[in-house]
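Participant: Got a structure here, written out as structure tokens. Questions coming.
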Amino acid sequence: MISALKEIARRVVDRAKEKGASAADAFLREDETFGVTVRRGEVEKLKEAVSQNLRLRVFLGNRTATSQTSDLSPSRVDQLVDETVEMAHLTSADESGGLPDEDAYPAEVPDLRLSDPTWSSLSPDQRIDLARRAEAAAFQADSRITNSEGASFEFERSETVLANTVGFVGGYEATAGSLVSVPIAESNGSMQQDYWFSVTRYRDKLDSPEDIGRHAAQRALRRLGAQKVKTCEVPIVFDPLVARTLVKHVFDAVSGDAIYRKRSFLVGQTGEQVASESVTIVDDARLIGGLGSSPFDDEGVATRLTPVVENGILRSYLHSAYTGRKLGARPTGNGSRTGGGNISVGPTNFYLKPGQESPDAIIASVKSGLYVVELIGFGVNTVNGDYSRGVTGLWIEDGKLAYAVQEVTIAGNLREMLRNIEMVGNDIAFIGSVAAPTLKIRSMTLSGE
Amino acid sequence: MNLPGRSVFLESYGVTIQDIESYLSAALERGGDYADLFFELRINHSIGLEEQLIKTATKAVNLGVGIRVLSGEKTGYAYSENLDRESILKAARTAAFIASSSAGGSVGLSTPTDHGHNLYPITLMPAELEIREKIALLEQADAAARSYDARIRQVQASFVDETRHTLLASSEGRYVWDVQPMVRFSITCIAEENGNRQYGLQGGGGRRTLEIFREALDPRALAREAARQAVLLLGAQEAPAGPMEVVLGPGWPGILLHEAIGHGLEADFNRKRTSAFSGLVGQKVASELCTVVDDGTIPFRRGSLNVDDEGNPTNRTVLIENGVLKGYLQDRLSSKLMGVPATGNGRRQGYDHIPLPRMTNTFMMAGQSTREEVIRSVKRGLYATHFGGGQVDITSGKFVFTASEAYLIEDGKVTAPVKGASLIGDGPTVLKKVTMVANDLQLDQGIGICSKDGQMIPVGVGLPTIKIDQITVGGTRK
């Protein structure tokens, strides 16, 4: 109940004021979650819960402290509020600290259609059945699908509320459901696992379990027989799932947190060409039904669309109220509440705009190269752009996918990778708050045999 | 046993033994094989310093109870953050949904089970530590890093402590609780020169209190170490690309074992035969020089526990002995289904998560060589002494881990530092290529976080200096 959460939030910020805080904001979330995994036709795990969480930030002038609790019993919440105010006496005065300025809040909270009430009419048995069908479709796709990590249906309904001491109170409800199938393909004694999924805020937009299962099976099957290749310099094509990770690295590098800490390879480069002309990236919190959409951010700032990279030119970093003040910019509505109650900068719907080329045309343009379907490891340094990750992919020979490749790495530097994006696909899929189409990079070092 | 007389849940949250018995009975109303309740209270504090300011001070409280019902291979799970009777009963009945017979029964708890361990006997819990002292430690570390070298431009440091109370009660009568302390200090330094920016990261901690930072782990020393690493990388050359001999230094590079074999030996994947290690018990998976253990019983270590999150005492489990695969890391569900004893590796991030087989402290036993002999034996290779993170594809067995401090070895001598690069290999075969193991086993300093199914838990790793005859290095220089 949004009104009940608003009541708690108001009470918490009032208490903080009484105890001497000059300002405070309270962020509350209630989540109703359901998850079921079916494996080899039987329910393996079923989990259901309703949980609540309060995150509080207080200011004493421009000193701050924060807290978080799952225990919402009034006496313990009061005690935590008091302790949080006490802690704020011990932190440093920071001239950029404080709540967002008064003109930053939305005049009215827009309805971005983030919630679909029809999910609730899906019974537990129907939810189990979706997972069962998504797994079965993978098994039925091919006899080489011999095992499975199962298929899962998950649903979440959340209510988010924010109240602060300058009078902003807002709340919104959101739903999301997802269905994933994780089959294992086997041949000649070696196994390959892959997955496919659908995730959406609206029940009628969930892909059919049969399509998900079949597609997941194809993805696992095409990895069979994977081999190493010789070390070489070749064109690299990222499928949309993998291209998202590249776009996420760009987000990490344009976040105001990284910029003022100088932990980014894009420090001091607004107005400069940082990517090829085919690259345009935006952060758009106001996409109707978007998985990263919200009417206001986690500190109450009105959200908006921010052009980040236009035709390869870096236009803007992304800011919370704090990083905006640090860097002399307006907050962009990207304030994101961390687990402990602090504000960091987070993506809303951060995506690389699709281009003209079909994925097939992109693959066809490569004489000899690698189509990447999975990246593993953490070898990405956004401080200076150095990049080295483990890869599973499909070798491209004369414009066609030829055979699977594994146990190799690709390496380079994000600066060059962005400038070397030669082709942008027309196949963007919004499967999270960061999204991208198929991308082709002119050349990277592939390390193998 | 050195535990307080009663668990905090009975002492301060009004939970009674009779309540617990009735919740377990409700959980078995539809005839599950087994049920357990996991009460958890996690209190942590963190303090953060950057730009020479104490910018953040945070307290977090996570309180709740998870209820699990097992029926064959099925798991039903629900949790409640409200510890009142009505909320917990509702959660118990939700967890029971997966079972489908009518055979209920009543449950009686035994007297508390003595888990026989007291691995972190400290009197003052981290939650009670003095915030001013933590701030002083951060400021000293910041000063130490900045005075190390003028090229150090940014220092970020944080101090996190946690006290975790757990209470596990099961339908088999098990009734056991624990109080688990944890402290962790970490520091990142950014060095800058002519537009070249590099970072160094260090940290440490364990199931201790602040005293560890006055003795074994001086934050100023860790700060200088992070600064040294950042400055070193300013002069590093491109890493090589291709297969080569690699020497791993002692301690944290044990992340190799965690990724290459540890995850693949978790029992759930092997029970379901989805791991590249499925069915390999009794077979040779490593050179005879390799003996690898997972040991949750080392006092004060980050990965240690008196009891796991299913109430089983932790163990020292031999995974590989002289190259031969001996067994898997078990939780309750997999051990029952596989018909083998539990190993005390059932762990969960919190009350809101289902327990899974997980590692504790995973390391390789020391060998006979000296570090100097190992390095001298390499004609052209890489010497990696510090790593960032790693990841594994369980089913294919392919893993990567990323060096954050590495050097070339040329003609038996350590020469130029090289930039970070990922190393990629195949879990079931990489240890067969271990041709030298030195006598300098070290455990890491206490910073490891392991992620599985979205659940993060603290772990430890360890390694003596070893030589791997061939592994692919993912640099850019051919």
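Participant: Could you count how many residues in the stretch B:29-44 are crowded, with 24+ Cβ neighbours inside 10 Å and at pLDDT below 95?
Facilitator: The qualifying residues number 1.
Participant: If a residue must be of a type in the set (Gly, Ala, Ser), more than 26 Å from the chain's Cα centre (by Cα) and part of a strand (DSSP E or B), how many such residues does the stretch B:161-196 contain?
Facilitator: Count: 1.
Participant: Condition test on A:Ser143, is it away from chain B (no Cβ under 13 Å), modelled with pLDDT under 95 and surrounded by fewer than 16 Cβ atoms within 10 Å (Cβ to Cβ)?
Facilitator: In short, no.
Participant: Return the total of residues in the stretch A:59-77 being in contact (Cβ under 8 Å) with a residue 24 or more places away in the chain, within 10 Å of another protein chain (Cβ to nearest Cβ) and part of a strand (DSSP E or B).
Facilitator: Matching residues across the stretch A:59-77 total 6.
Participant: Across the stretch A:152-179, which residue is nearest to A:Ser3 (Cα to Cα) among those that are touching a residue at least 40 places away in the same chain (Cβ under 8 Å) and within 14 Å of another protein chain (Cβ to nearest Cβ)? Give the steps one after another, and end with the answer.
Facilitator: Residues of the stretch A:152-179 touching a residue at least 40 places away in the same chain (Cβ under 8 Å): A:152-166, A:168-177, A:179.
With the extra rule that they be within 14 Å of another protein chain (Cβ to nearest Cβ), the set shrinks to A:152, A:154, A:156.
Working: A:Ser152: 33, A:Glu154: 26, A:Glu156: 19 Å.
So the residue we want is A:Glu156.
Participant: Specify the residue that is surrounded by the most Cβ atoms within 10 Å (Cβ to Cβ); the eligible residues are those in the stretch A:83-100 that are within 14 Å of A:Val12 (Cβ to Cβ) and at the interface with chain B (Cβ under 7 Å from one of its Cβ atoms).
Facilitator: Ranking the candidates gives A:Thr84 first.
Participant: Now for a different question. Just one of (1) part of a loop (DSSP other than H, G, I, E, B); (2) buried (at least 23 other Cβ atoms within 10 Å of the Cβ) trips up B:Glu215, so point out which.
Facilitator: Going through (1) part of a loop (DSSP other than H, G, I, E, B); (2) buried (at least 23 other Cβ atoms within 10 Å of the Cβ) one by one, B:Glu215 breaks only (2).
Participant: May I pose another question? Out of the stretch B:406-424, which residues are within 13 Å of chain A (Cβ to nearest Cβ) and either surrounded by fewer than 24 Cβ atoms within 10 Å (Cβ to Cβ) or among the hydroxyl-bearing types (Ser, Thr, Tyr) (or both)?
Facilitator: B:Val418, B:Lys419, B:Ser422
Participant: Look through A:Leu54, A:Leu80 and report the one residue that is among the aliphatic types (A, V, I, L, M), within 10 Å of chain B (Cβ to nearest Cβ), buried (at least 23 other Cβ atoms within 10 Å of the Cβ) and more than 30 Å from A:Ser121 (Cβ to Cβ).
Facilitator: Testing whether each residue is among the aliphatic types (A, V, I, L, M), within 10 Å of chain B (Cβ to nearest Cβ), buried (at least 23 other Cβ atoms within 10 Å of the Cβ) and more than 30 Å from A:Ser121 (Cβ to Cβ) leaves just A:Leu54.
Participant: Ok, one more. Can you pull out every residue in the stretch A:383-440 that is over 23 Å from B:Ile424 (Cα atoms), assigned to a loop (DSSP other than H, G, I, E, B) and of a type in the set (Gly, Ala, Ser)?
Facilitator: A:Gly399, A:Ala429, A:Gly432, A:Ser433, A:Ala436
Participant: Now for a separate question. I need a count of the residues in the stretch A:41-58 that are within 30 Å of A:Thr84 (Cβ to Cβ) and among the basic types (Lys, Arg). I'd like the intermediate steps shown before the answer.
Facilitator: The first filter runs over the stretch A:41-58 and keeps only residues within 30 Å of A:Thr84 (Cβ to Cβ), leaving A:49-58.
In the following step, the residues that additionally are among the basic types (Lys, Arg) were identified as A:55, A:57.
Looking only at that region, the number is 2.
Participant: Still on this structure, please answer the following. Can you tell me which residue within the stretch A:382-402, out of those that are polar (S, T, N, Q) and either at the interface with chain B (Cβ under 9 Å from one of its Cβ atoms) or in contact with a Pro (Cβ under 7 Å, 6 or more places away or on another chain) (or both), is farthest from A:Gln192 (Cα to Cα)?
Facilitator: The selected residue is A:Asn384.
Participant: Now for a separate question. Read through the list (1) modelled with pLDDT under 95; (2) in contact with a helix residue (DSSP H, G or I) (Cβ under 7 Å, 6 or more places away or on another chain); (3) aromatic (Phe, Trp, Tyr), then give the number of the only condition that B:Phe185 fails.
Facilitator: Answer for B:Phe185: the failing condition is (1).
Participant: Kindly provide the set of residues from the stretch B:425-436 that are out of contact with any Lys or Arg (no Cβ under 8 Å at 6 or more places or on another chain) and crowded, with 22+ Cβ neighbours inside 10 Å, ordered by number.
Facilitator: If the condition is that a residue be out of contact with any Lys or Arg (no Cβ under 8 Å at 6 or more places or on another chain) and crowded, with 22+ Cβ neighbours inside 10 Å, then B:Val430, B:Leu431 are the ones that fit.
Participant: Cβ-Cβ below 7 Å, separation at least six or inter-chain, first residue in the stretch B:22-34 and farther than 10 Å from B:Leu70 by Cα, second among the polar types (S, T, N, Q) and surrounded by fewer than 17 Cβ atoms within 10 Å (Cβ to Cβ): which pairs?
Facilitator: That search, which allows pairs on different chains as well, returns B:Ser25/B:Ser106; B:Arg30/B:Ser100; B:Arg30/B:Ser101.
Participant: Check B:Ala227 against each of (1) assigned to a strand (DSSP E or B); (2) small (Gly, Ala, Ser); (3) surrounded by 22 or more Cβ atoms within 10 Å (Cβ to Cβ) and name the one condition it does not meet.
Facilitator: (1)
Participant: Here is a further query. Name the single residue that is farthest from the other protein chains (Cβ to nearest Cβ) among those in the stretch B:361-386 being touching a Ser or Thr at 6+ places or on another chain (Cβ under 6 Å) and either assigned to a strand (DSSP E or B) or surrounded by 24 or more Cβ atoms within 10 Å (Cβ to Cβ) (or both). Steps first, answer last, please.
Facilitator: Kept after step one, since they are touching a Ser or Thr at 6+ places or on another chain (Cβ under 6 Å), are these residues of the stretch B:361-386: B:365, B:371, B:374, B:386.
From what's left, either assigned to a strand (DSSP E or B) or surrounded by 24 or more Cβ atoms within 10 Å (Cβ to Cβ) (or both): B:374, B:386.
On the way: B:Val374: 24, B:His386: 13 Å.
The residue in question is B:Val374.
Let's see how each residue does on (1) within 30 Å of A:Leu401 (Cα to Cα); (2) touching a residue at least 24 places away in the same chain (Cβ under 8 Å); (3) out of contact with any Lys or Arg (no Cβ under 9 Å at 6 or more places or on another chain); (4) crowded, with 22+ Cβ neighbours inside 10 Å:
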site	(1), (2), (3), (4)
A:Ala275	yes, yes, no, yes
A:Phe296	no, yes, yes, yes
A:Val309	no, yes, no, yes
A:Tyr317	no, yes, yes, yes
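Participant: If you check B:Leu168, B:Leu222, which single one turns out to be over 23 Å from A:Leu414 (Cβ atoms), touching an Asp or Glu at 6+ places or on another chain (Cβ under 8 Å), crowded, with 21+ Cβ neighbours inside 10 Å and touching a residue at least 12 places away in the same chain (Cβ under 8 Å)?
Facilitator: Just a single option satisfies the conditions, and that option is B:Leu168.
Participant: Please specify each residue of the stretch B:229-267 satisfying the condition of being small (Gly, Ala, Ser), within 28 Å of B:Gly303 (Cβ to Cβ) and within 13 Å of another protein chain (Cβ to nearest Cβ).
Facilitator: B:Ala230, B:Ala260, B:Gly264 - these are the residues of the stretch B:229-267 that are small (Gly, Ala, Ser), within 28 Å of B:Gly303 (Cβ to Cβ) and within 13 Å of another protein chain (Cβ to nearest Cβ).
Participant: Looking at B:Glu86 and the list (1) free of Cβ contacts under 8 Å to residues at least 12 places away in the same chain; (2) within 10 Å of chain A (Cβ to nearest Cβ), which single condition is not satisfied?
Facilitator: So B:Glu86 meets the others, but not (2).
Participant: Hey, among B:Ile449, B:Ile457, which residue is surrounded by fewer than 19 Cβ atoms within 10 Å (Cβ to Cβ) and either within 13 Å of chain A (Cβ to nearest Cβ) or over 28 Å from A:Gly225 (Cβ atoms) (or both)?
Facilitator: Working: B:Ile457 fails: surrounded by fewer than 19 Cβ atoms within 10 Å (Cβ to Cβ).
One residue alone meets the criteria, B:Ile449.
Participant: If B:Glu215 satisfies every condition in (1) under 21 Å from B:Gln470 (Cα atoms); (2) free of Cβ contacts under 8 Å to residues at least 24 places away in the same chain but one, which is the exception?
Facilitator: That leaves (1) as the condition not met.
Participant: Is it true that some residue in the stretch A:180-190 is surrounded by 22 or more Cβ atoms within 10 Å (Cβ to Cβ) and either more than 29 Å from B:Ser275 (Cβ to Cβ) or charged (D, E, K, R) (or both)?
Facilitator: no
Participant: On the basis of being within 14 Å of chain B (Cβ to nearest Cβ) and in contact with a Gly (Cβ under 8 Å, 6 or more places away or on another chain), does A:Tyr322 make the cut?
Facilitator: Considered against the rule, which asks whether it is within 14 Å of chain B (Cβ to nearest Cβ) and in contact with a Gly (Cβ under 8 Å, 6 or more places away or on another chain), A:Tyr322 comes out as yes.
Participant: Hey, another quick one. Taking into account only those residues within the stretch A:322-373 that are touching a Leu at 6+ places or on another chain (Cβ under 7 Å) and at pLDDT 95 or above, which is surrounded by the fewest Cβ atoms within 10 Å (Cβ to Cβ)?
Facilitator: Here the residue is A:Val373.
Participant: Right, something else. Looking at (1) over 22 Å from A:Glu422 (Cβ atoms); (2) surrounded by fewer than 19 Cβ atoms within 10 Å (Cβ to Cβ); (3) touching a residue at least 60 places away in the same chain (Cβ under 8 Å), which one does A:Asp207 not meet, given that it meets all the others?
Facilitator: In the conditions (1) over 22 Å from A:Glu422 (Cβ atoms); (2) surrounded by fewer than 19 Cβ atoms within 10 Å (Cβ to Cβ); (3) touching a residue at least 60 places away in the same chain (Cβ under 8 Å), A:Asp207 misses (3) alone.
The values are calculated or read from the model by the stated rules, or taken from the named source; none is laboratory data. Computed from a predicted structure; not experimentally measured. Neighbour counts run over all protein chains shown; Cβ positions are idealised from the backbone, glycine included.
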